[in-house]
Each structure stands twice: as structure tokens, then as C-alpha cells.
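K.L.:
Sharing a structure here in C-alpha cells format.
No value in this document is a laboratory result; all are computed from the given coordinates. Remember, predicted model here, so these are calculated numbers, not experimental data. Reconstructed Cβ throughout: ideal geometry from the backbone, glycine too, with neighbour counts over all protein chains shown.
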Amino acid sequence: MPRPPARPPGEKSTREQILDVALELFTDVGYEKTSLREIAERMGFSKAALYYHFASKDDILMALHMRLHELGQEGFDQFESGEVDPAEWPAVFDKIISRMFEHRTLFMLHVRNHASFEKLHEKGHEQQHVDLEERLRQILADDRVPLPFRVRLACAFGAVMAGMLMSSDIFSDVATDDLSTILQGAVRDLISPAAVPSPA
């Protein structure tokens, strides 16, 4: 199988460039309506060269889905690596939300191609979902943190995901910076220490 053209130093890998092009096409045109030939033509090389990196269109979609997993892992890393101090949570969520909005198109992709993602299955992928869920459970089960804070933390995680998935498409005409600021404010309302009532 022929290798694709070599990239100039400092550029993204060809694989990542393919994913970026596919992300744009799948989001704007739709996964089902986008062909591998269109992706290859946008990249400026043959369909055969595309197969050097991905065996199928489903493989490309799965790789884009894994980018979302990576964002989730990054968010959990910040909670697990820092001190257990609810006073720091608002600042951590600010960073997480900003990072996620940098990839707003990725969330839009998932919303607009929900049916295609539902059909997609790969052996071992379910375990990655389980791993993310287990990490969240461990964070929420940390009894060093008072229960009211942990409940609000659970709500905050839910608000971030719901806010990202809904705002990415429903509010697609609203500036990313504006949406990011609004979501950060909503999450702060949930987890700010001042918002948690003192035990009776």
C-alpha cells in the first residue's frame, strides 16, 4: 500500500490532518453522506493513501470519538492529581470547560451524527466507557469531601456534558467565548463553597 506524502516539519501528523478534515466534513455534511474519496481529495492524495492510515470510514469515526474520551480523561486527571479542596473546584472547572470549548466542533459532530455513533461498535471500546465511569465514581466517593459538595460535584459534571452537547448545536450561532462564560457561571453556581449550606 503506498505511503501518503511526507509532511513538512512542525505540522500535524497526516493521521491527525485526516481526522481534522473528516471532523469538518462529518459535522457539516454528515457521516453517512461523506465518502472516503472526498476526504482523500480534500487531503490532496489518493484513496489508497488514505487506507494507509485508516482501514475504513468507521475507523475514522471511532478515532474522532476517542478524542472525546481523551477530553474526559484530561478532566478527571485534574481532579485526581490535585488536593481534595472544593474551594479549588470552580477554577478547575473553568479550565475544563475552556478546554472542551476548544473542541466544540467535536461535540457538534456527536450530536449531528448520533445515529452513526450508536451503530458504531469496536471490541474493547465498552471497557473504555467503563473506565471513565469508574474514575468518576472514585472521585464522587471520596469521603474526605463532605457529601453536599460531592452531590453538587456530580451535578456539575452532568451540567458540563449536557451544556456542551446541547449548546454545541442548539446554540451554534452563539459565540464560543460567550457560551463558555455562561456555562462556567452555571457550574460555579453549583459548586461554589458559598452555595453549599452549612450542616445544621
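K.L.:
How much FRET efficiency would the formula 1/(1 + (r/R0)^6) give for Val29 and His121, where r is the Cβ-Cβ distance and R0 is 25 Å, rounded to 0.05?
P.N.:
Values: r = 23 Å, r/R0 = 0.93.
For Val29 and His121, the calculated efficiency is 0.60.
K.L.:
What's the extension gain from Asp178 to Glu70 if we count 0.36 nm per residue and subtract their Cα-Cα distance?
P.N.:
On the way: separation 108, 0.36 × 108 = 38.88 nm, distance 2.42 nm.
Gain on extension, Asp178 to Glu70, equals 36.5 nm.
K.L.:
Calculate for the chain the 222 nm mean residue ellipticity that helices alone would give, adding -39,500 (n - 2.57) per DSSP H run of length 4 or more and normalising by residue count, nearest 500 deg cm²/dmol. Walk me through the numbers on the way to the answer.
P.N.:
Values: 10 runs with 138 residues, N = 200.
For the chain, the value works out to -22000 deg cm²/dmol.
K.L.:
Take the chain, mark every one of the GluC sites (Glu not before Pro) that falls in a DSSP loop and has at most 16 other Cβ within 10 Å, then report the longest stretch left between them, sites excluded. Each step should come with its number before you reach the end.
P.N.:
On the way: sites that count: Glu11, Glu32, Glu83, Glu122.
The longest uninterrupted stretch comes out as 123-200.
K.L.:
A further question follows. Where Lys and Arg each count +1 and Asp and Glu each count -1, what net charge lies around Arg99 among other residues with Cβ under 15 Å from its Cβ?
P.N.:
Working: positive: Arg67, Lys95, Arg104; negative: Glu70, Glu74, Asp77, Asp94, Glu102, Asp177.
Summing Lys and Arg as +1 and Asp and Glu as -1 gives -3.
K.L.:
Moving on to the next point. Once both labels are modelled 7 Å past Cα along the beta-carbon direction, what's the Gln138-Lys47 spacing in nm?
P.N.:
A separation of 4.5 nm, rounded to one decimal place.
K.L.:
Would you tally the net charge around Asp189, using a Cβ to Cβ cut-off of less than 15 Å, leaving Asp189 out, and scoring K and R as +1, D and E as -1? If you can, show how the numbers build up before the last one.
P.N.:
Numbers: positive: Arg152, Arg188; negative: Asp94.
It works out to a net charge of +1.
K.L.:
How would Leu50, Leu147 line up from fewest to most surrounding beta-carbon atoms within 10 angstrom? Don't jump to the answer; show the numbers that get you there.
P.N.:
On the way: Leu50 22, Leu147 10.
In order of increasing Cβ crowding within 10 Å: Leu147, Leu50.
K.L.:
Shifting gears a bit: Among the trypsin sites (Lys or Arg not before Pro) in segment 85-145, which ones are in a DSSP loop with at most 13 other Cβ atoms within 10 Å of the Cβ? Mind listing them? Before the final figure, lay out the partial values.
P.N.:
Values: sites: Lys95, Arg99, Arg104, Arg112, Lys119, Lys123, Arg135, Arg137, Arg144; in loops: Lys123, Arg144.
When the trypsin sites (Lys or Arg not before Pro) of segment 85-145 are filtered for loop state and at most 13 Cβ neighbours within 10 Å, Lys123, Arg144 remain.
K.L.:
Any idea what the alpha-carbon Rg over 2.2 N^0.38 Å comes to for the chain?
P.N.:
Working it through for the chain, the quotient is 1.19.
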